[in-house]
1. Tell me, what ³J(HN,Hα) does each residue in the stretch 108-116 have, in order and in whole Hz, if you take phi through Karplus 6.51 cos²θ - 1.76 cosθ + 1.60 with θ = phi - 60° and put x for Gly and Pro?
2. Counting other Cβ atoms within 10 Å, which trypsin sites (Lys or Arg not before Pro) in the stretch 33-83 have at most 12 and lie in a DSSP loop?
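No lab work stands behind these numbers, since they all come straight from the coordinates. None of these values were measured; they are calculated from a predicted model. Cβ placement follows ideal geometry from the backbone for every residue including glycine, while neighbour counts extend to all protein chains displayed.
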Amino acid sequence: MLCQSRLAFLNIMIGLCRFEAAVAAAEKARDLDPRNAEVGMILNNVRLVAKARAQGNDLFKAAKFSDASIAYGEGLKYDPTNSVLHCNRAACWSKLEKWEKAVNDCNEALRIQPNYTKALLRRASSYAKVSNQHEQGCFWFLNVLFH
């Protein structure tokens with residue numbers, strides 16, 4: 001029973017994108033129930049997501065945007081509902097001037113977390129860069145400002 005509550009807490013931490021806290025919660029759950037295969041699988045996935053995010057962040061800081069987008073994509077293989085990874089990858093696409101990909105990742109982040117301000121702003125900026133969607137970009141930007 002205690003392990004189930006730890007797993008619930010872990011899911012909350014992942015949802016809030018507190019990666020280090022999620023890893024710590026998964027490790028604690030494993031310590032409490034070392035034979036639980038589900039806990040072991042979740043711990044492994046959480047570690048892989050946290051590692052991919054850290055690697056992506058390091059690559060982004062080094063201006064290696066294409067490599068960073070790949071790293072964030074690796075993390076999304078293990079947690080496709082992680083809005084932060086989608087938004088971070090959208091930042092890479094923006095730096096690479098791949099506006100439509102940036103919009104798509106922002107849309108996915110917003111599907112997961114509808115009031116994610118950073119994703120709203122990044123999507124508006126990307127829409128504004130796409131010439132045939134300029135008016136839509138202005139609409140989204142105004143929506144963010146007055147929401």
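1. After applying 6.51 cos²θ - 1.76 cosθ + 1.60, I find 5, 4, 6, 5, 7, 9, x, 9, 6 Hz.
2. Numbers: sites: Arg35, Arg47, Lys51, Arg53, Lys61, Lys64, Lys77; in loops: Arg35, Lys64.
Answer by residue number: Arg35.
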